[in-house]
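Notes follow the structure.
Just so you know, all these numbers are worked out from the coordinates, no wet-lab data involved. Since the model is a prediction, treat every value here as computed from it, not as a measurement. Note that we place each Cβ from the backbone using ideal geometry, even for glycine, and neighbour counts take in every protein chain shown.
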Amino acid sequence: MGKLQDKVAVITGGASGIGAATAKLFVEEGAKVVLVDLNEEKGKAFEQELKNQNAEALFVKGNITSEEEVAAFFKQTIETFGKVDIVFNNAGIGRVHSSHDLEYSEWRNTVNVDLDGVFLVAREALREFLKAGGGVMVNTASMYGWVGSPGSAAYNAAKGGVINLTRSLALEYAEQNIRINALCPGFIDTPIIPEESKDILRQMTPMKRLGQSEEMAKAVLFLSSDDSSFMTGNTLTVDGGYTAQ
Ligand SMILES: NC(=O)c1ccc[n+]([C@@H]2O[C@H](COP(=O)([O-])OP(=O)(O)OC[C@H]3O[C@@H](n4cnc5c(N)ncnc54)[C@H](O)[C@@H]3O)[C@@H](O)[C@H]2O)c1
């Protein structure tokens with residue numbers, strides 16, 4: 001029996017990187033997965049890949065910054081699988097830009113996806129969890145929610161926001177059988193990291209390598225399963241030692 005046997009998990013950013021690796025591990029552990037992503041081509045191909053392995057998977061194209069689309073993908077999840085047990089609130093974007101000439105529209109776009117979008121997904125998840133009598137949420141923040149770095153003020157501010165949003169929601173719903181924690185990845189080898197940056201990011205990491213999405217998936221599984229049953233409002237930082245410096 002898997003650690004997530006017959007659980008239904010919604011995974012935003014589920015077509016790529018950390019979200020996709022988590023979906024793979026979740027289905028190995030017996031879960032049914034709903035992959036939400038803007039990238040329809042990748043999402044549909046990945047849905048098919050999982051189905052070919054006899055997994056129960058559904059891809060839904062959705063934008064986490066749209067209230068209507070967030071409500072719609074939760075509705076589709078309930079219609080297809082009957083419930084939502086786990087929400088991996090993971091979709092995000094990252095850009096490097098000096099702050100003194102960062103357009104306000106670019107600041108807004110980053111915060112809109114990386115913080116507002118996380119809230120919109122969390123709000124809908126909470127509505128379903130309250131109806132069902134409980135649930136588990138994992139929000140993807142970043143090690144840059146803990147420490148600063150030059151050139152990523154909007155991203156880092158949003159990720160810091162995700163950490164304290166996680167704590168605040170966890171406290172608000174702790175008595176309702178709802179656990180909410182955050183994952184704080186270091187530099188992970190996914191499409192969000194430009195190829196030309198990889199060498200320098202390896203050098204900046206004490207373990208002198210990038211993390212793998214599969215290593216994040218294991219942490220998300222821990223936070224999503226009963227293995228972390230007494231844990232809420234907390235963070236798991238998986239960063240090859242970066243924030244120990
Ligand atoms: N890779 C890293 O080094 C790293 C480090 C720290 C935190 N993170 C965070 O991990 C999360 C996953 O990133 P990843 O590294 O797997 O990158 P990724 O680019 O492989 O995956 C992110 C996915 O999110 C989707 N997405 C973006 N905006 C969306 C929106 N508005 N609505 C729906 N889907 C949207 C993208 O289409 C993409 O498929 C992000 O929140 C990112 O900030 C990544």
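When the stretch 182-192 is filtered for residues that are more than 6 Å from the ligand (Cβ to nearest atom) and under 13 Å from the mean Cα position of the chain (by Cα), the ones remaining, listed by number, are A182, L183, C184. Of all the residues in the stretch 122-173, those that are surrounded by fewer than 16 Cβ atoms within 10 Å (Cβ to Cβ), in contact with a helix residue (DSSP H, G or I) (Cβ under 9 Å, 6 or more places away or on another chain) and at negative phi number 9. Considering the stretch 1-106, the qualifying helices (runs of 4 or more DSSP H), each wholly inside and each with 3 or more residues that are over 19 Å from the mean Cα position of the chain (by Cα), run over 40-52, 67-81. On inspection, L236 passes the criterion of being hydrophobic (A, V, I, L, M, F, W, C), under 24 Å from S168 (Cβ atoms) and either out of contact with any helix residue (DSSP H, G or I) (no Cβ under 6 Å at 6 or more places or on another chain) or touching a residue at least 40 places away in the same chain (Cβ under 8 Å) (or both). Checked against (1) within 26 Å of F222 (Cβ to Cβ); (2) within 9 Å of the ligand (Cβ to nearest atom), S66 passes all but a single condition, namely (1). Does Y104 satisfy the criteria of being at negative phi, among the aromatic types (F, W, Y) and within 15 Å of the ligand (Cβ to nearest atom)? So Y104 does not fit the description; no. Put simply, of R167, R179, R209 the only residue that is closer than 19 Å to V238 by Cα and away from the ligand (no atom under 16 Å from the Cβ) is R167. Report yes if K32 is of a type in the set (K, R), farther than 16 Å from L223 by Cβ and away from the ligand (no atom under 15 Å from the Cβ), otherwise no. So K32 passes the test.
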